[in-house]
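**Q** Got a structure here, written out as structure tokens. Questions coming.
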Amino acid sequence: SFIGEESVAAGEGSILTDNPTWIIDPIDGTTNFVHRFPFVAVSIGFVVNKKIEFGIVYSCIEDKMYTARKGKGAFCNGQKLRVSGQEDITKSLLVTELGSNRDPEAIKIILSNMERLLSIPIHG
């Protein structure tokens, strides 16, 4: 099976089944792309039985290829990626994105989540 993010965003229905399925977003960061903001990627995932098996993200502007395979780890241009050892959230950097949905109910949820995040004493 095949699920394309751009077709789903255009209103076409899509149901994830247990069938092997490719999930592709050819312009991941469409809003960034439209505004010439240099964070755009091609994202591809492969799912079997509704569980991700592997994913590939190519950051076009940076010329970086991120790959990950279930149980095998994640890599950037072939180099193993590791999470930081930081366990204290007050010394962490928090990054978030608000999305493009302007439905009033969605905005309430987004702002509520942001309020909770802003109350955490994070580093930045």
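The values are calculated or read from the model by the stated rules, or taken from the named source; none is laboratory data. These figures come from a predicted structure and were not determined experimentally. Glycine gets a Cβ as well: all are built from the backbone with ideal geometry, and neighbour counts include every protein chain shown. Ligands, DNA and RNA are excluded from the accessible area calculation, which covers all protein heavy atoms including side chains. Shrake-Rupley method; radii C 1.70, N 1.55, O 1.52, S 1.80 Å.
**Q** Work out, in µm²/s and without decimals, the Stokes-Einstein translational diffusion coefficient of the chain at 25 °C, 0.890 mPa s, Rh from Kirkwood over C-alpha pairs.
**A** 142
**Q** When the chain is treated as a GNM, springs tying every alpha-carbon pair under 10 Å, which of Glu53, Glu105, Glu12 comes out with the largest mean-square fluctuation?
**A** So, out of Glu53, Glu105, Glu12, the one fluctuating most is Glu105.
**Q** Using Cα pairs under 8 angstrom and six or more residues apart, how large is the relative contact order of the chain, in percent?
**A** Details: 171 pairs, mean separation 17.2, N = 124.
Answer for the chain is 14 percent.
**Q** Which of Pro104, Pro26, Pro38 moves most in a GNM of the chain, Cα contacts under 10 Å?
**A** Its mean-square fluctuation being the largest, the pick is Pro104.
**Q** Lys and Arg at +1, Asp and Glu at -1: add these up for the other residues within a Cβ distance under 15 Å of Ile122 and post the number.
**A** Around Ile122, the surrounding residues sum to -1.
**Q** Follow-up question, since we're still on this one. Would you mind working out the accessible area per residue for the chain, using a 1.4 Å probe, and quoting it in Å²?
**A** Solvent-accessible surface per residue comes out at 78 Å².
**Q** Given Lys70/Lys91; Lys50/Lys70; Lys50/Lys72, which pairs have Cα atoms separated by over 20 Å?
**A** Beyond 20 Å: Lys70/Lys91.
**Q** Normalised by the residues of the stretch 29-100, what does the relative contact order come to in percent, with Cα pairs under 8 Å and at least six apart?
**A** On the way: 83 pairs, mean separation 11.3, N = 72.
Value for the stretch 29-100: 16 percent.
**Q** Let me ask something else about it. Please enumerate, by chain and number, the aspartates and glutamates with C-alpha under 16 Å from the C-alpha of Lys64, excluding those fewer than 8 residues away in the same chain.
**A** Leaving aside aspartates and glutamates fewer than 8 places away in the same chain, those within reach of Lys64 are Asp28.
**Q** Probe 1.4 Å, all protein chains in place: accessible area of Lys70 in Å², nearest 10?
**A** 120
**Q** Under a cut-off of 17 Å between alpha-carbon atoms, report the aspartates and glutamates in cross-link reach of Lys80, not counting same-chain residues fewer than 8 places apart.
**A** Of all the aspartates and glutamates, those that pass the test against Lys80 - Cα under 17 Å, at least 8 places apart if same chain - are Asp63.
**Q** Please report the carbon-and-sulfur percent of the accessible area for the chain; probe 1.4 Å, protein heavy atoms only, DNA, RNA and ligands left out.
**A** Within the chain, the accessible surface is 60 percent carbon and sulfur.
**Q** If ligands, DNA and RNA are left out, what is the accessible area of Thr17 with a 1.4 Å probe, given in Å² to the nearest 10?
**A** Taking all protein chains as shown, Thr17 has close to 50 Å².
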